[in-house]
Amino acid sequence: MRLTILGSGDAFSSGGRLSSCYLVENSQTCFLLDCGPSVLPAFKKAGLSTNCISEIFISHLHGDHIGGLPFLLLDAIFPAKRRQPLTLIGPPGLEARFRIACEVFYPRCLDMDRAFELNFIELDKDARRQFGDLAVTPFEVEHFSGSPSYAYRFELGGKIFAYSGDTGWTENVVEAGRDADLYLIECYQYELKLPMHLTYLEIEANFNRIGAKALLLTHMSEAMLGRQGDVDQARYMLADDGMVIDI
């Protein structure tokens, strides 16, 4: 399994980073994890076509994680000339929020002729689902977005890849990432506790409980980026746009 970090930034593009967008692939599948508003520049910078993905998993319904969906839809219809089905997968309310966003940004764009099926699957928390060779389990976390917010645990090709999404501290941060081969975990602050985000010190305090083989910190604020030198880089990797990691 390979992870390509198309965008590792927060809602404010701290450090000049693109918004949340991660590509996961192996020989059987290729999917996108979150779809921030800079998704098209991210794909073009990486030299990729959006046609390479078959599913988009959304962790929660904030703009820096779903704001690229209307742009990706238009790209699929026009320059990419997509033919294969595209499935959007995420928490309850995803389809309704997507339709609202499309109508706000590009009225009637959902009525345009397109040569591909657009499907929606809304996941129940804690319910493991199978999508071909890919299995996914969503865990509800602490991050208000008008709908449940999820961390994800993916199983593919004998490997486990976990993603925290955005969240304040909850035991599901441990459950989602327990013993994963790679855990992509948001680390918004170094020590300043916020109800909707994680700190480095909270993650460090639970490092052994999580037990992941590798932890990759992402979605860092300007304050956290300024404390990178205080991170134990024997324990953690620090995400950056363009990074590619084989799991």
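May I ask you to derive the relative contact order of segment 12-121, considering only C-alpha pairs under 8 Å and at least 6 residues apart, and to give it as an integer percent?
About 23 percent, as a whole number.
So how many Lys-Lys pairs in the chain land under 29 Å Cα to Cα, not counting same-chain pairs under 8 apart?
9
Can you list the HN-Hα couplings for segment 151-167, worked out from phi with the Karplus curve (6.51, -1.76, 1.60; θ = phi - 60°), rounded to whole Hz and with x for Gly and Pro?
8, 10, 10, 9, 10, 7, x, x, 10, 10, 10, 10, 9, 6, x, 9, 6
5 Å is the cut-off here: which amide hydrogens, built 1.01 Å from N in the peptide plane, fall below it relative to GLY211, excluding neighbours closer than 5 in sequence?
Amide H to amide H, under 5 Å and 5 or more residues apart or across chains, GLY211 pairs with ASP179.
Taking θ = phi - 60°, what integer Hz values does the Karplus form 6.51 cos²θ - 1.76 cosθ + 1.60 yield along segment 204-220, in sequence order, with x for Gly and Pro?
For segment 204-220, the Karplus-derived couplings read 4, 5, 10, 3, 5, 5, 5, x, 5, 5, 8, 10, 10, 7, 9, 6, 8 Hz, x marking Gly and Pro.
Could you state the angle between the C-alpha long axis of helix 94-105 and the longest principal axis of the C-alpha atoms of the chain, as a value from 0 to 90 degrees rounded to the nearest 10?
Roughly 70 degrees between the two axes.
Need the C-alpha centroid separation for segment 103-122 versus segment 171-229, integer Å.
Here the answer is 35 Å between Cα centres.
Suppose we keep just the DSSP beta bridges with both residues in the chain; what percent of those would be antiparallel, to 5?
About 55 percent, rounded to the nearest 5.
At a 10 Å Cβ-Cβ cut-off, how would you order CYS30, CYS52, fewest neighbours first?
CYS52, CYS30
What ranking of GLU122, GLU117 emerges when the number of other C-beta atoms within 10 Å of each C-beta is taken as an exposure proxy, fewest first?
The most exposed by this proxy come first: GLU117, GLU122.
Among SER27, SER20, SER164, SER38, which comes first, second and so on when ranked by fewest other beta-carbon atoms within 10 Å?
With the sparsest Cβ surroundings first, the list reads SER27, SER38, SER164, SER20.
If I take every Cα pair under 8 Å that is 6 or more residues apart in the chain, average their sequence separation and divide by the length, what percent do I get for the relative contact order?
Relative contact order, the chain: 18 percent.
For segment 19-30, what does the Karplus curve 6.51 cos²θ - 1.76 cosθ + 1.60, with θ = phi - 60°, yield as ³J(HN,Hα) per residue in whole Hz, taken in order and with x for Gly and Pro?
6, 3, 5, 9, 9, 10, 8, 9, 5, 9, 8, 8
Taken together, the values in this text are just the output of simple stated rules run on the coordinates, not laboratory data. What you are looking at is a predicted structure, and each value in this text was computed from that prediction instead of being measured. Quick reminder, even Gly has a Cβ in these numbers, built from the backbone with ideal geometry, and neighbours come from all protein chains shown.
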